[in-house]
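Have a look at the structure below before the remarks.
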Amino acid sequence: MSLKENFARRAERMKASEIRELLKLLDQPDIISFAGGIPDPALFPTDAFAAAMSNAVSGDAGALQYSSSEGYAPLREWLAQHMTELGVPADADNIFITSGSQQALDYLGKLYLSAQDTALVTWPTYLGALGAFNAYEARFDQLNLTGNRGADDYAAGAEAAGGAVKFAYLSADFSNPTGETVDRAGRLKLIEECDQMDCALIEDGAYQALRYDGEAVPPIQALEVAQKGSLEECRTIYCGSFSKTLSPGLRVGWVCARRDVIQKLVLIKQAGDLHSATLNQMAVYQVAESLFERHIPKLQKTYAARRDAMLAALARNMPEGVEWTRPEGGMFVWLTLPKGLDGNDLLAHAVDAHRVAFVPGGAFFADGSGSNTIRLSFSLPPEDVINEGVARLGAAMRDCIGRS
C-alpha cells in the first residue's frame with residue numbers, strides 16, 4: 001500500500017539536508033571532517049548543566065510538568081535583558097522560546113508564506129532556512145545588498161510570480177556558510193528596503209556572540225529600534241540560539257519581536273509541540289544566569305585560535321586560483337574554487353583518496369548554482385588536525401585540477 005498519492009503538494013518540495021546526510025557517512029575515525037558546524041563538546045559547561053538539571057528536578061516539580069507556550073518566564077526575562085544589552089530594549093512579552101532557532105525559522109515560514117510568495121535570501125544562505133521556507137512553497141529571490149536592485153524590482157518580481165515579498169532573511173554576523181558580516185551601511189539599507197516593501201526582516205543571530213576580532217556592529221534590530229524608537233514599531237524579527245554558546249542538544253532558542261508577532265507564534269506553537277521542554281529551559285536559564293558572560297570569552301579564545309590555524313593552513317596549502325573568506329567570528333570559512341572544479345566531485349575524491357570532508361557549496365544556493373564553492377568549519381578539530389586536514393584538502397584539489 002502506498003499513501004504517497006495523498007501527500008500534500010508541499011511534500012514534493014521537502015528535501016533531506018545535505019549536511020545531515022553527509023554527517024552520517026563520517027563516523028570513520030580516520031576521516032578529518034570540516035563538514036558540520038558543530039561546537040566542541042569539550043567546551044560545554046557540563047558541570048553547570050548537571051547541577052542545574054539536578055536543582056530543577058529536585059527543587060521544582062514544574063520542571064517535569066506542562067508549561068506555557070511562550071516559554072519559561074525567568075528565561076524570557078533574562079533574554080529580554082540580554083537583548084536590551086545588545087541595543088534592543090525588550091521585556092518578557094517580546095520573547096518567545098523555541099526548540100532551537102531552526103523551529104523559529106519553520107514557524108516564521110508558516111506565519112508569513114503562502115504558496116508563490118517570495119522570500120529574499122542571500123546567495124548563498126543557510127541551508128536550514130531554505131529547507132524551512134521551501135516547505136511552505138516559497139519562491140526565492142536573491143537578496144543583494146551591494147548591487148543595483150532595489151525594493152521596486154524585488155516587489156515586481158514577486159508580483160509577476162503570483163505572490164508578494166513577505167520577508168528578507170539573512171544572518172548578518174559571521175553568516176553560515178560564508179562567515180561574512182554585513183556592515184552597518186548594508187544593515188541600514190536593508191531596513192530601508194523592507195520599509196519600502198512593507199515586509200518583515202528576519203535576522204538570524206545564531207553566531208552573534210562569537211566575534212573574535214574587528215569592530216562589533218549592532219544587530220539590525222537594534223539599528224531599527226534606534227531609528228523608530230520602539231521595538232513595537234519595528235519589522236525586524238531576531239532569532240537567537242544557545243546552540244553555539246551553551247549546548248545544541250538541549251534545543252533552546254528564542255525569538256525577539258514586537259508583541260503582535262510573538263502572539264501569533266505562540267498560537268502556532270500551541271498547535272505544534274505545545275511548548276519547548278520545561279526542564280531544558282530551566283537548566284539553560286540557570287546556566288546562562290550564572291556563567292554566560294564568563295563562558296563566552298572561553299569560546300572566543302578557542303575558536304579564534306582554530307580560525308587562525310585554518311586561515312594559515314589555507315595560505316600554505318591551497319593551489320593557485322582558490323579564494324577564501326576571512327571571517328571575524330563564527331565557525332566557517334567559504335572557499336571559491338578555480339573555474340571548472342566542482343565541489344561535489346572534489347568531495348568524492350577527497351573522502352575516498354585523502355580522508356578529508358567538507359560541505360559542497362551548491363546546497364546553500366536557492367537556485368542550485370555555486371558548484372565551484374565549498375564550506376569548511378573550524379569549530380570542532382584542534383589546530384594540529386586542522387593543519388593536517390587542510391594539507392590533505394590541498395592535495396585533493398591538486399589531484400582534481402590535474403585531471404581537468
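The values are calculated or read from the model by the stated rules, or taken from the named source; none is laboratory data. The structure displayed is predicted, hence computed values, not measured ones. Neighbour counts are summed over all protein chains in view; Cβ atoms, including those assigned to glycine, are modelled from backbone coordinates with ideal geometry. Side chains are part of the model used for accessible areas, which takes the heavy atoms of the whole protein and leaves out ligands, DNA and RNA. Shrake-Rupley method; radii C 1.70, N 1.55, O 1.52, S 1.80 Å.
The 3J(HN,Hα) values that the Karplus relation (6.51, -1.76, 1.60; θ = phi - 60°) gives for segment 31-46 are, in residue order, 8, 8, 10, 10, 7, x, x, 10, x, 6, x, 5, 9, 5, x, 5 Hz. Gly and Pro appear as x. For a quick check, take a GNM of the chain with Cα springs below 10 Å and name the residue from Ala288, Ala348, Ala304 with the largest mean-square fluctuation. Between Ala288, Ala348, Ala304, it is Ala348 that shows the largest mean-square fluctuation.
Which order do Met14, Met83 take by accessible area at a 1.4 Å probe, largest first? All intermediate terms of the calculation are to be shown ahead of the outcome.
Values: Met14 115, Met83 0 Å².
Of Met14, Met83, the descending order of accessible area is Met14, Met83.
Close amide H pairs (under 5 Å, H built 1.01 Å from N) link Tyr207 with no residue at least 5 positions away or on another chain. Within the assembled protein chains, the solvent-accessible surface assigned to Ser171 is about 20 Å², based on a 1.4 Å probe.
Taking the DSSP beta bridges with both ends in the chain, the antiparallel portion is around 50 percent.
Per-residue surface analysis assigns Leu79 an accessible area of about 0 Å², computed on protein heavy atoms at 1.4 Å probe radius.
Looking at segment 165-273, which GluC sites (Glu not before Pro) are DSSP coil and have at most 14 other C-beta atoms within 10 Å of their C-beta? Provide the component values of the computation, followed by the final result.
Details: sites: Glu180, Glu192, Glu193, Glu203, Glu215, Glu224, Glu232, Glu233; in loops: Glu180, Glu215.
Within segment 165-273, the qualifying GluC sites (Glu not before Pro) (loop, at most 14 other Cβ atoms within 10 Å) are Glu215.
Would you mind working out the accessible area per residue for segment 95-190, using a 1.4 Å probe, and quoting it in Å²? Kindly include the intermediate steps, with their values, before the conclusion.
Details: 3230 Å² over 96 residues.
Roughly 34 Å² per residue, with all protein chains present.
Close amide-amide hydrogen proximity is noted between Ser241 and Trp254, each under 5 Å apart and 5 or more residues distant or on a separate chain (H modeled in the peptide plane; Pro and chain starts excluded). In segment 39-171, with Lys and Arg counted as +1 and Asp and Glu as -1 at Cβ, which of these residues, Thr118, Ala48, Gly59, has the Cα nearest the positive end of the dipole, that is, farthest along it? Final value for the positive-end residue is Thr118.
With θ taken as phi - 60° and the Karplus curve 6.51 cos²θ - 1.76 cosθ + 1.60 applied, the whole-hertz 3J(HN,Hα) list for segment 190-200 is 5, 4, 4, 5, 5, 4, 5, 8, 6, 10, 6 Hz, x standing for glycine and proline.
Counting only protein chain heavy atoms and rolling a 1.4 Å probe, the accessible areas of Tyr207, Tyr66 rank, largest first, as Tyr66, Tyr207. For Ala309, neighbours were defined as the other residues whose beta-carbon sits under 10 Å from its Cβ, and their charges (Lys and Arg +1, Asp and Glu -1) total -1.
3J(HN,Hα) along segment 83-99, derived from phi through the Karplus expression 6.51 cos²θ - 1.76 cosθ + 1.60 where θ = phi - 60°, amounts to 5, 4, 5, 7, x, 10, x, 9, 10, 4, 6, 8, 10, 10, 8, 10, 7 Hz, with x in place of Gly and Pro.
Could you work out Rg/(2.2 N^0.38 Å) for segment 301-353, with Rg from alpha carbons only?
Values: Rg = 12.6 Å, N = 53, 2.2 N^0.38 = 9.9 Å.
That works out to 1.26 for segment 301-353.
Mean residue ellipticity, 222 nm, helices only, the chain: the sum of -39500 (n - 2.57) across DSSP H runs of n ≥ 4, divided by residue count and rounded to 500, is -13500 deg cm²/dmol.
Ranking Leu145, Leu3 by solvent-accessible area of protein heavy atoms (1.4 Å probe, all protein chains present), from largest to smallest, gives Leu3, Leu145. Measuring only protein heavy atoms, the 1.4 Å probe finds Asp352 accessible over about 120 Å². When +1 charges are put on Lys and Arg Cβ atoms and -1 charges on Asp and Glu Cβ atoms, the dipole computed for segment 1-151 relative to its Cα centre reaches about 660 debye. Solvent-accessible area of segment 1-159 (1.4 angstrom probe, protein heavy atoms only): carbon and sulfur portion equals 50 percent.
Here's how it looks for Leu170: its modeled amide H is under 5 Å from those of Ile202, Asp204, which are all 5 or more places away or on a different chain.
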